[in-house]
2 protein chains.
Amino acid sequence: MFNVFLHYLQSKINLTEDEIRLIESVSIIKKLKKHQFLLSEAEICTHSGFVCSGFLRKYSIDDKGIEHTVYFATENWWISDRQSLMDGTPSKYYIDAIEDSFVLLISKTDFEKLSEKIPQFKDMVNTILQRSLNATHERINTTLIATAEEKYIQFLKSFPKIANRVPRRMLASYLGITPETLSRIRKNISTK
Amino acid sequence: MFNVFLHYLQSKINLTEDEIRLIESVSIIKKLKKHQFLLSEAEICTHSGFVCSGFLRKYSIDDKGIEHTVYFATENWWISDRQSLMDGTPSKYYIDAIEDSFVLLISKTDFEKLSEKIPQFKDMVNTILQRSLNATHERINTTLIATAEEKYIQFLKSFPKIANRVPRRMLASYLGITPETLSRIRKNISTK
DNA sequence: AAAAAGTCTTGATAAATGTCAAGTATAAAT
DNA sequence: ATTTATACTTGACATTTATCAAGACTTTTT
């Protein structure tokens, strides 16, 4: 599984043999069965996660017990609760596996060590952060501008590969609508 | 006006005289009258902006001509369209002044130069990016979880200082509701 | 293979929010 | 200071989306 991560890294930066060995030495491979948790609310997030295979999601649960999906992560995506990781505060989120998955974990201190010792690694992370921020801003804009139907169509366009892998009720919770509404939207679109 | 920026920098990092002079040499002070634009849709964003005084907002306009505010920025806040700045693509957003303002601008290349020559500057920017990303994730979660009234109350709590300075229709567009709905929410709260 | 659990869809109804129109209040321009 | 423009509020009504309940379909477990 480390090879998946290595391929990812090598598609972005050049690494020496020593650097690769250093990265591998701090990488923890974790196998997650479907429904298994990587993080639960009130826990403190201690590791950055990189999805080698499978599918995970991050969500919060409100007062009424309703889940709200804030993020999906599949192969070659990062996942963690950066807020909790950064500040050492309890997380408000759950992260669990939608499919059987392999996640590569790097502890906070090891991650900082890598950033310090491998400048390209630090720059890569920085670039990812910026792209992530752009994507998140884009999502907020879509939320403000689009109707429920438009949001759904936009999701299909933005993530064509994962759209079929996501259970509908989770997709609904990501879009901020109920499963019933999503069901009606889909019906409505199919008759066009 | 450069002093406002310098104070901000010195509250976060230590700088030598030379470094300060370097930063000052690439800083452009721009005065903006109320309603004046810093960026318009279809333009390419070329500078990072730091608000020394005043108040700005960033928004998009949809097909129906309705404005959707994605961001407010007051003293000591950064503002730009990072997506456009990073990729050199035309912006989807407008940035204009809600109040007469002074904005300190640094061009993309100068910003990169500063990051390269002043490591603490780069680290500071990185930290700001991370905090910004956390705040944006938080906003998405609130959008998914909260009712219109809860979003409004949350805004008051999160930004007590600027709540009174923001025209209501812009606040409404930030919350993703109409001015009429905001008006009714306020009335409803005041009678409690 | 059958039973159980969970998921998706559909219908009836309720609640929240939007739209349009008019009036009031406030700020800007002359 | 008066006029003009803009912003805010309120009411009546329309639309969208949520809620609740039931049935159909899938997947998982036994």
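The values are calculated or read from the model by the stated rules, or taken from the named source; none is laboratory data. All values derive from a computational prediction rather than experimental measurement. Note that we place each Cβ from the backbone using ideal geometry, even for glycine, and neighbour counts take in every protein chain shown. SASA here: full protein model, heavy atoms, side chains in, ligands and nucleic acids out. Shrake-Rupley method; radii C 1.70, N 1.55, O 1.52, S 1.80 Å.
Between a residue in the range A:138-156 that is within 12 Å of A:Ile185 (Cβ to Cβ) and any residue that is open to solvent by less than 40 Å² (accessible area, probe 1.4 Å) and not in a helix (DSSP H, G or I), which pairs come within a Cβ distance under 6 Å, given they are 6 or more apart or on different chains?
Short answer, once both residue conditions are applied: A:Ala148/A:Ile177; A:Leu156/A:Ala163.
Pairs, please: C-beta under 9 Å, at least 6 apart or cross-chain, first residue within 12 Å of chain A (Cβ to nearest Cβ) and in the range B:158-183, second in a loop (DSSP other than H, G, I, E, B) and surrounded by 15 or more Cβ atoms within 10 Å (Cβ to Cβ)?
What qualifies is B:Tyr174/B:Val166.
Would you tally the residues in the range A:131-147 being in a helix (DSSP H, G or I), in contact with a helix residue (DSSP H, G or I) (Cβ under 7 Å, 6 or more places away or on another chain) and open to solvent by less than 50 Å² (accessible area, probe 1.4 Å)?
Adding up the residues that qualify gives 8.
Within the range B:40-61, take every residue that is closer than 22 Å to A:Thr143 by Cα and among the hydrophobic types (A, V, I, L, M, F, W, C) and give me the one that is farthest from the chain's Cα centre (by Cα).
That would be B:Ala42.
Scan the range B:25-39 for residues that are without any contact (Cβ under 8 Å) to a residue 40 or more places away in the chain and open to solvent by 90 Å² or more (accessible area, probe 1.4 Å) and jot them down.
Result: no residue meets the conditions.
Only residues in the range A:122-137 that are more than 16 Å from B:Ser91 (Cα to Cα) and at pLDDT 95 or above count as the first member; pair them with residues that are outside any helix (DSSP H, G or I) and open to solvent by 50 Å² or more (accessible area, probe 1.4 Å), Cβ under 6 angstrom, at least 6 apart or cross-chain, and list the lot.
A:Met124/A:Lys12
Name the residues in the range A:134-157 that are more than 12 Å from DNA strand C (Cβ to nearest atom) and more than 12 Å from chain B (Cβ to nearest Cβ), would you?
A:Glu149, A:Ile153, A:Gln154, A:Phe155, A:Leu156, A:Lys157
In the range B:97-111, is there at least one residue being in contact with a helix residue (DSSP H, G or I) (Cβ under 6 Å, 6 or more places away or on another chain) and either facing another protein chain (nearest Cβ under 9 Å) or hydroxyl-bearing (Ser, Thr, Tyr) (or both)?
The answer is no, given that none of the residues of the range B:97-111 is in contact with a helix residue (DSSP H, G or I) (Cβ under 6 Å, 6 or more places away or on another chain) and either facing another protein chain (nearest Cβ under 9 Å) or hydroxyl-bearing (Ser, Thr, Tyr) (or both).
Given the structure, is B:Thr191 open to solvent by 60 Å² or more (accessible area, probe 1.4 Å), within 13 Å of DNA strand D (Cβ to nearest atom) and either within 11 Å of another protein chain (Cβ to nearest Cβ) or in contact with a Pro (Cβ under 6 Å, 6 or more places away or on another chain) (or both)?
Taking the combined requirement at face value, the residue does not satisfy it.
Go through the range B:148-187 and give me each residue that's surrounded by fewer than 16 Cβ atoms within 10 Å (Cβ to Cβ), more than 9 Å from DNA strand D (Cβ to nearest atom) and polar (S, T, N, Q).
Scanning the range B:148-187 gives B:Ser158, B:Asn164.
Being part of a helix (DSSP H, G or I) and buried (at least 18 other Cβ atoms within 10 Å of the Cβ) is the filter here, so list the residues in the range B:102-113 that pass it.
If the condition is that a residue be part of a helix (DSSP H, G or I) and buried (at least 18 other Cβ atoms within 10 Å of the Cβ), then B:Asp110, B:Phe111 are the ones that fit.
Can you confirm whether the range B:45-67 contains a residue that is without any contact (Cβ under 8 Å) to a residue 60 or more places away in the chain, touching a Cys at 6+ places or on another chain (Cβ under 6 Å) and surrounded by 14 or more Cβ atoms within 10 Å (Cβ to Cβ)?
no
Can you tell me which condition A:Lys117 does not meet? The list is (1) within 16 Å of DNA strand C (Cβ to nearest atom); (2) farther than 30 Å from B:Lys92 by Cβ; (3) not acidic (Asp, Glu), and all the others hold.
(1)
If you scan the range A:8-24, which residues turn out to be loosely packed, with under 11 Cβ neighbours inside 10 Å and in a helix (DSSP H, G or I)?
Once the filter is applied, which keeps residues that are loosely packed, with under 11 Cβ neighbours inside 10 Å and in a helix (DSSP H, G or I), the range A:8-24 yields A:Glu17, A:Asp18, A:Arg21.
Checking A:Asp81 against (1) free of Cβ contacts under 8 Å to residues at least 60 places away in the same chain; (2) touching a helix residue (DSSP H, G or I) at 6+ places or on another chain (Cβ under 7 Å); (3) open to solvent by less than 30 Å² (accessible area, probe 1.4 Å), which single condition isn't satisfied?
Result: A:Asp81 passes all but (2).
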